[in-house]
């Protein structure tokens, strides 16, 4: 028996003794008994997966087991969950409660490791729970009370420091090197067997089973069209970026449960490119941020409020010492895996949309980073991004992203079929047609000094955006002509603005960013940098500013404007209006449905040295701004590790006008319609639009 198995057996034997033991202060008995029951459930799940019963289990039994895994954090149970900071604070004290809610969150992270048969990762969480429990038993035995806050904080902080390197290594192996063989076998096997969905350990709802059933019934030619769009877009991303795909071996496919038939078709096509598909998991744990969405092979979100509440749990433990240890752990993990991470080609992402929009509540007892910790986090993110860039040789890495709807976007199966077909049409539009139309816009923008953008219909946008002016417009371009390669669907031209001389107000009456709703979002720019910001989500101005700083600025005091773009996919815009799903569109499609502006890094972040050309042969020269160029002198100041697109919908757009240095003005869009000669064909879907 290996040492891990011996430790695991001892730990679980001790945990089995906790229920009914009554060796802690009475107010904490239920918390520890419930924690013990959870870890014993994890032991039971492992036995089940390793038994012959799993493969032939009745689907109704699998549904019940799956529900049991997530029940405590589902919205109808979350108010009485130990993982809820408010409930834990009420029952366990306002100071100890958040610490133990964070511990509950951490031991819940054993779940994905159980289903990936990674016992050592489960073991360290069980031992952490026992160490905290022992501290409570000793305190009760010695004084009839509880341990100090600092003792419990120290135990958990020590756990995070001691296992930083192990956890980072396991994380990188999963993300960049090998994924989970067990999960891969499930996902790539019989796509019609719904039992496989439940055997992943991910949360399964009607969205996942109905998606699988619908996609299973699609004709083979449609599956081939979708898989071909994804894999060919991926391949073209390398070609258009001048990158060597042959130097890479692994591609991470990121997708939602229920889309496995498409995955199987993609696996065969990637194999033809010499690439091996890996499937990874996104694990909610104190070791990694889980606040920006699922970036693995995953199921439904059981409760977005739960993840939102825990996004800054690390605030309970984070100091300079822990930051240093985390960086050391990550650095050493990359060093160990260096000869394998360089083979990573990048992700092929099949995102989904359609779930009910989420507007978070502010939980008063949830931990929040203070200013010093915010700086620690941003510094860590920047360093982590640089380590990643070095480890995978980012200049030779690419990606592709595409989106498809989930059944919950529609009221009926028939309507879902219509929406799915409409999105498939959007994703496979004629790139050649858009290339010609967008070239016409770029010809005008290429000779312009700045663009003027104004809103209408209640939109208060008034922006002046300075453009890079090519030295030789016959051979160089300041906007990229974006066809369907790395960023599907087709439909935008974009540039890196010149920060100095970019000023004014960006406003949208309502927008969803990274799954979060922002009402009346305003961002004011001075010399291309965010100077002021506000929204109307909460009654308090302070809460509104915190909301933006946490979820758009990511704790930076300011961010530069990293992108100025025109979305041209009016077909997508009209389809969203027809089916009443504009508020459900993912940013990948939404950004193609109007002018949009990003705060954060440029679109060429860490890829500036690679030459990129438009289809007409002109080299893209507007890749840097006065922040990103610091990579040559002060690389720690050049990047922010974030990029958030904010789109102005056509009905809120008054004008997008190109202005030359001599003052000549050429409108590209006026009152929500394309007016430039050679682009008016884009108005047809808008003029024929049916609004639900």
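When you look at residue 194, is it under 25 Å from residue 4 (Cβ atoms) and in the same structural domain as residue 323 (by TED's automatic domain parsing), yes or no?
The answer is no for residue 194.
If residue 512 meets every condition in (1) farther than 19 Å from residue 548 by Cβ; (2) touching a helix residue (DSSP H, G or I) at 6+ places or on another chain (Cβ under 9 Å); (3) surrounded by fewer than 21 Cβ atoms within 10 Å (Cβ to Cβ) apart from one, which number is that one?
Here residue 512 clears every test but (1).
Quick check on the stretch 530-552: of everything there that is touching a helix residue (DSSP H, G or I) at 6+ places or on another chain (Cβ under 8 Å) and not in a strand (DSSP E or B), which residue is surrounded by the most Cβ atoms within 10 Å (Cβ to Cβ)?
Going through the qualifying residues, I end up with 535.
Scanning for something outside the structural domain of residue 189 (by TED's automatic domain parsing), assigned to a helix (DSSP H, G or I), surrounded by 11 or more Cβ atoms within 10 Å (Cβ to Cβ) and out of contact with any helix residue (DSSP H, G or I) (no Cβ under 8 Å at 6 or more places or on another chain), does the stretch 6-16 turn up at least one residue?
Looking through the stretch 6-16, at least one residue is outside the structural domain of residue 189 (by TED's automatic domain parsing), assigned to a helix (DSSP H, G or I), surrounded by 11 or more Cβ atoms within 10 Å (Cβ to Cβ) and out of contact with any helix residue (DSSP H, G or I) (no Cβ under 8 Å at 6 or more places or on another chain).
Which of the residues belonging to the stretch 239-253 are within 23 Å of the chain's Cα centre (by Cα) and surrounded by fewer than 23 Cβ atoms within 10 Å (Cβ to Cβ)?
Selection gives 250 alone.
Looking for whichever is under 30 Å from residue 155 (Cα atoms), assigned to a helix (DSSP H, G or I) and modelled with pLDDT of 95 or more here; the options are 325, 261. Which one fits?
325
Give, as residue ranges, the strands (runs of 3 or more DSSP E) completely inside the stretch 571-685 that count at least 1 residues that are under 23 Å from residue 518 (Cα atoms).
Passing ranges, in order: 595-600, 643-647, 653-659.
Kindly check whether there is at least one residue in the stretch 210-230 that is surrounded by fewer than 17 Cβ atoms within 10 Å (Cβ to Cβ) and under 23 Å from the mean Cα position of the chain (by Cα).
No, because not a single residue in the stretch 210-230 is surrounded by fewer than 17 Cβ atoms within 10 Å (Cβ to Cβ) and under 23 Å from the mean Cα position of the chain (by Cα).
Specify the residue that is nearest to residue 351 (Cα to Cα); the eligible residues are those in the stretch 405-416 that are in contact with a helix residue (DSSP H, G or I) (Cβ under 8 Å, 6 or more places away or on another chain) and outside any strand (DSSP E or B).
406
In the list 106, 52, 43, 33, which residue meets the criterion of being surrounded by fewer than 17 Cβ atoms within 10 Å (Cβ to Cβ) and part of a helix (DSSP H, G or I)?
Answer to the selection: 33.
Considering each of 276, 271, 326 in turn, give the residue that is farther than 20 Å from residue 514 by Cα, outside the structural domain of residue 86 (by TED's automatic domain parsing), surrounded by 22 or more Cβ atoms within 10 Å (Cβ to Cβ) and over 17 Å from the mean Cα position of the chain (by Cα).
Only one candidate passes the filter, namely 326.
Restricting attention to the stretch 398-408, which residues are surrounded by fewer than 23 Cβ atoms within 10 Å (Cβ to Cβ) and touching a strand residue (DSSP E or B) at 6+ places or on another chain (Cβ under 9 Å)?
399, 401, 403
Only one of 419, 426, 402 is under 21 Å from the mean Cα position of the chain (by Cα) and either touching a residue at least 60 places away in the same chain (Cβ under 8 Å) or assigned to a loop (DSSP other than H, G, I, E, B) (or both); which?
402
Give me a count of the residues in the stretch 329-376 that are within 30 Å of residue 223 (Cβ to Cβ), outside any strand (DSSP E or B) and in contact with a strand residue (DSSP E or B) (Cβ under 6 Å, 6 or more places away or on another chain).
3
So which of 318, 387 ends up being outside the structural domain of residue 581 (by TED's automatic domain parsing), modelled with pLDDT of 90 or more and either assigned to a helix (DSSP H, G or I) or surrounded by fewer than 18 Cβ atoms within 10 Å (Cβ to Cβ) (or both)?
Answer to the selection: 387.
Residues of the stretch 535-560 being out of contact with any strand residue (DSSP E or B) (no Cβ under 6 Å at 6 or more places or on another chain), within 16 Å of residue 525 (Cβ to Cβ) and in contact (Cβ under 8 Å) with a residue 24 or more places away in the chain, which ones?
Selection gives 553, 556.
If only one of 95, 72, 43 is modelled with pLDDT of 95 or more and under 20 Å from residue 146 (Cβ atoms), which one is it?
Just a single option satisfies the conditions, and that option is 95.
Which of (1) modelled with pLDDT of 95 or more; (2) farther than 27 Å from residue 413 by Cβ; (3) part of a helix (DSSP H, G or I) does residue 238 not meet, given it meets every other one?
Going through the list (1) modelled with pLDDT of 95 or more; (2) farther than 27 Å from residue 413 by Cβ; (3) part of a helix (DSSP H, G or I), residue 238 breaks only (1).
Evaluate the stretch 163-184: report whether one residue or more is over 30 Å from residue 251 (Cβ atoms) and either in a loop (DSSP other than H, G, I, E, B) or at pLDDT 95 or above (or both).
The answer is no; no qualifying residue exists.
Sort through 646, 668 and tell me the only one that's buried (at least 20 other Cβ atoms within 10 Å of the Cβ), touching a residue at least 60 places away in the same chain (Cβ under 8 Å) and under 22 Å from residue 449 (Cα atoms).
Only one candidate qualifies: 668.
The values are calculated or read from the model by the stated rules, or taken from the named source; none is laboratory data. Note that the coordinates shown come from a computational prediction; the quantities given were computed from them, not determined experimentally. Neighbour counts are summed over all protein chains in view; Cβ atoms, including those assigned to glycine, are modelled from backbone coordinates with ideal geometry.
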